[in-house]
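A short worksheet on the structure shown next.
The values are calculated or read from the model by the stated rules, or taken from the named source; none is laboratory data. Predicted model only: the values in this text are computed from it and were never measured. Quick reminder, even Gly has a Cβ in these numbers, built from the backbone with ideal geometry, and neighbours come from all protein chains shown. The protein model used for the area step is the full one, side chains on, heavy atoms only, and it has no ligands, DNA or RNA in it. Shrake-Rupley method; radii C 1.70, N 1.55, O 1.52, S 1.80 Å.
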Amino acid sequence: MADPSSYRPSPGQIPDSPGVYKFRDEHRRVIYVGKAKNLRQRVANYFQDLAGLHPRTRSMVTTAASVEWTVVSTEVEALQLEYTWIKEFDPRFNVKYRDDKSYPYLAVTLNEEFPRVQVMRGAKKKGVRYFGPYGHAWAIRETVDLMLRVFPVRTCSAGVFKNAARTGRPCLLGYIDKCSAPCVGRVTPEEHRELAEDFCDFMAGRTGTYIRRLEKDMTQAAEEMEYERAARLRDDAGALKRAMEKSAVVLADATDADLIAVAEDELEAALQIFHVRGGRVRGQRGWVTDKVEAVDTSGLVEHALQQLYGEERGDAVPKEVLVPALPEDTEAVSQWLAERRGSQVSLRIPQRGDKKDLMATVQRNAQQALGLHKTKRASDLTTRSRALEEIAEALGLDTAPLRIECYDISHLQGDDVVASMVVFEDGLARKSEYRRFQIKGFEGQDDVRSMHEVIGRRFKRYLQDKERTGEWEQAPSVTDPAATGPVPAATGPVPAPALPAASPADEIDPREDDGRPKRFAYPPQLVVVDGGQPQVAAAKRALDELGIDDIAVCGLAKRLEEVWLPDDDDPVVLPRSSEGLYLLQRVRDEAHRFAITYQRAKRAKRIRSSPLDDVAGLGETRKQALIKHFGSVKKLRQATIEEICEVPGIGRRTAESVAVALASAAPAAPAVNTATGEIMEEDDGGTP
């Protein structure tokens, strides 16, 4: 690990003009490339106190052994040079999107004497018009098959074309009028090229002209009683319409735009792009990347724009690019895009209307792509095994933790404090083993104390289960005066009476009728808590108080994804690409999701609660009748028993129960007008 101060340039050496900088390691390999409006300010940021740097930035500067820079004239030149160097050097600490598949394009080889329509993948070639990308190659072939009725462009390979020209016989498509057969001279090269250009125009979105022309010719042929020709033109127009229908209209104003959406977490990001041409979605593609550098959403968008349009020219760069967040230097990026297109490009965030709605669809696709990517990783047995082995190695465990339990605390400003326990076995979630807790040992907000209570209750319950089934017997205390002679060795730890008692919900017998374990009978090899050093210490203290010393404990801090161990002042930093870190993150995120779902449900139930809920035998219909009659719970509380009895269906005994319940229930705190400070009149409204 290098000390950044050993290669830090003096401030006077670094110019204060726009430029691009490279960090190199000890082997002179480029490990990071960046650009800056002001090189002096940007490069100096990398040489501050290491504790103040993002962990990924800290890892980069300690891996590097030197830094160098190149001055350019404008910020646009810096953007272009940064893209060129990233492509050339492939730096390990730069975000690089990788396609999750090789997307097929519909290509027209206008660089040949007789242009050919075909499916193409891979790098784009000069002189070839591309349309797409498409999700599947068969979708391209279906579209082409429909359009060859109207635009009979060559689709055969060079070998088939030469053989037909040599023999003087066209291929089958030539005989069924789906190819103009330039190989045997049925059309001239100029006529065939015109067909290919018309094909490109139609695919580019200029569809109305051709369909109107076909319909006009069809009408004219019918008037001239050339019914066979009219029928053929009718079928041609229908084929073009079916080809158009394969791409639904999403933007009514025939917009040409690319919509980019990003879904991300702490380690990875998924990118989705919808290519809209002529108001229709002509293609879609997705990328996934590891977040190897400290980058936010705007930075991810900027990297995506570089990779999308770095090799493009002309119409391949659309008039509009809609993004979820603008790059840091929006003006320079917009100018760079305009130079590549040859005209103005609008780079913006959609705010309303159809474009905002379509952006929401693209965002959902990005989220689904990220979830699918994670699911594929999690479902792989080899990957899960490697993840468990990496966790065991990082935490110093003797064996891989086949059962992992993770705990999280959730509350809303100290109210409705709850906790969750999720279980992963062999790297997969066991939802039947999930448990929820209400914090009952104290009131208010204290995550550390809550964690101590939850861990204590869970494992106290486990020890009680073992004692009930006879798996171990409690040893007498060493301070017990009745104990004589040497203290027998206990076959299990001794529970501490000072821990909070188990909640009533935890007092359910842990065994089914057939004797199989039901609730807390299985101990984990690893306990993970959502939090840092304080939460880990609280969990470890709870286990120590119970005498349990064979269960490992760690915590995962969300902000920096650091793994904390008990009694360690420094966290364990797993590699960014570690499958072990990925599994711990999944476990932690699942515990957070389960906890916050329970907390929200409790809060919603509490908000909907009413003093009338405690009246035995009072159903929902009669509750509504009481509220409808009196107008609010406040007015009902002020009513006499005789007045309550006047409500249809309410007898005297029920009225007395209602009066007692409302009298014993404390009225809600008065509402306060936050603008004036005025205490407002209490009004319970019409909700029971």
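The number of residues in segment 558-578 that are part of a strand (DSSP E or B) and among the β-branched types (Val, Ile, Thr) comes to 2. Residues of segment 27-50 that are among the aliphatic types (A, V, I, L, M) and either surrounded by 19 or more Cβ atoms within 10 Å (Cβ to Cβ) or at pLDDT 85 or above (or both): Val30, Ile31, Val33, Ala36, Leu39, Val43, Ala44. Can you find a residue that is buried (at least 18 other Cβ atoms within 10 Å of the Cβ), over 30 Å from Gln351 (Cα atoms) and modelled with pLDDT of 80 or more anywhere in segment 221-233? Checked against the condition, which is being buried (at least 18 other Cβ atoms within 10 Å of the Cβ), over 30 Å from Gln351 (Cα atoms) and modelled with pLDDT of 80 or more, segment 221-233 yields at least one hit. Scanning segment 537-557 for residues that are under 19 Å from Glu393 (Cα atoms), among the aliphatic types (A, V, I, L, M) and not in a strand (DSSP E or B) gives a single hit, Ile551.
In segment 57-74 there is at least one residue that is assigned to a helix (DSSP H, G or I) and open to solvent by 60 Å² or more (accessible area, probe 1.4 Å). In segment 413-438, the residues that are in contact (Cβ under 8 Å) with a residue 12 or more places away in the chain and in a strand (DSSP E or B) reach residues that are open to solvent by 30 Å² or more (accessible area, probe 1.4 Å) and of a type in the set (A, V, I, L, M, F, W, C) with C-beta atoms within less than 7 angstrom, at least six apart or across chains, in these pairs: Ser420/Phe594; Val422/Ala429; Val422/Phe594; Glu425/Leu402.
Apart from one condition, Arg603 fits all of (1) open to solvent by 30 Å² or more (accessible area, probe 1.4 Å); (2) touching a helix residue (DSSP H, G or I) at 6+ places or on another chain (Cβ under 8 Å); the exception is (2). Give the residues of segment 309-360 that are buried (at least 18 other Cβ atoms within 10 Å of the Cβ), under 22 Å from the mean Cα position of the chain (by Cα), part of a loop (DSSP other than H, G, I, E, B) and of a type in the set (Val, Ile, Thr), sorted by residue number. Of everything in segment 309-360, just one residue is buried (at least 18 other Cβ atoms within 10 Å of the Cβ), under 22 Å from the mean Cα position of the chain (by Cα), part of a loop (DSSP other than H, G, I, E, B) and of a type in the set (Val, Ile, Thr), namely Val323.
In segment 158-176, what residues are open to solvent by 50 Å² or more (accessible area, probe 1.4 Å), within 20 Å of Leu110 (Cβ to Cβ) and not aliphatic (A, V, I, L, M)? Lys162 - this is the single residue of segment 158-176 that is open to solvent by 50 Å² or more (accessible area, probe 1.4 Å), within 20 Å of Leu110 (Cβ to Cβ) and not aliphatic (A, V, I, L, M).
Taking the conditions exactly as written (at pLDDT 80 or above, part of a loop (DSSP other than H, G, I, E, B) and either touching a Ser or Thr at 6+ places or on another chain (Cβ under 9 Å) or surrounded by 15 or more Cβ atoms within 10 Å (Cβ to Cβ) (or both)), does Pro91 satisfy them or not? Spelling it out, Pro91 is indeed at pLDDT 80 or above, part of a loop (DSSP other than H, G, I, E, B) and either touching a Ser or Thr at 6+ places or on another chain (Cβ under 9 Å) or surrounded by 15 or more Cβ atoms within 10 Å (Cβ to Cβ) (or both). Examine segment 380-389 for a residue that is surrounded by 14 or more Cβ atoms within 10 Å (Cβ to Cβ), free of Cβ contacts under 8 Å to residues at least 60 places away in the same chain and in a helix (DSSP H, G or I), and state whether such a residue exists. Within segment 380-389 (the criterion being surrounded by 14 or more Cβ atoms within 10 Å (Cβ to Cβ), free of Cβ contacts under 8 Å to residues at least 60 places away in the same chain and in a helix (DSSP H, G or I)), the answer is yes, since at least one residue qualifies. The residue that is surrounded by the fewest Cβ atoms within 10 Å (Cβ to Cβ), among those in segment 621-640 that are free of Cβ contacts under 8 Å to residues at least 40 places away in the same chain and either acidic (Asp, Glu) or not in a helix (DSSP H, G or I) (or both), is Thr640. Considering only segment 401-409, I want to know if a residue exists there that is part of a helix (DSSP H, G or I) and surrounded by fewer than 16 Cβ atoms within 10 Å (Cβ to Cβ). There is no residue in segment 401-409 that is part of a helix (DSSP H, G or I) and surrounded by fewer than 16 Cβ atoms within 10 Å (Cβ to Cβ). The residue list Ala475, Ala505 contains one member that is within 23 Å of Ala591 (Cα to Cα) and modelled with pLDDT under 90, which is Ala505. How many residues are farther than 19 Å from Trp85 by Cα and among the charged types (D, E, K, R) when one looks only at segment 27-62? Of the residues in that region, 4 qualify.
Applying the selection to segment 61-77, what residues are modelled with pLDDT of 85 or more and not β-branched (Val, Ile, Thr)? Listed by number, the residues that qualify are Ala64, Ala65, Ser66, Glu68, Trp69. Is at least one residue of segment 295-307 acidic (Asp, Glu) and in a loop (DSSP other than H, G, I, E, B)? Within segment 295-307, one or more residues are acidic (Asp, Glu) and in a loop (DSSP other than H, G, I, E, B).
Listed by position, the strands (runs of 3 or more DSSP E) enclosed by segment 105-184 that each have at least 2 residues that are of a type outside the set (A, V, I, L, M) are 129-131.
Can you find, within segment 9-26, the residue that is surrounded by the most Cβ atoms within 10 Å (Cβ to Cβ) among those that are in contact (Cβ under 8 Å) with a residue 40 or more places away in the chain and farther than 18 Å from Phe93 by Cα? That would be Gly19.
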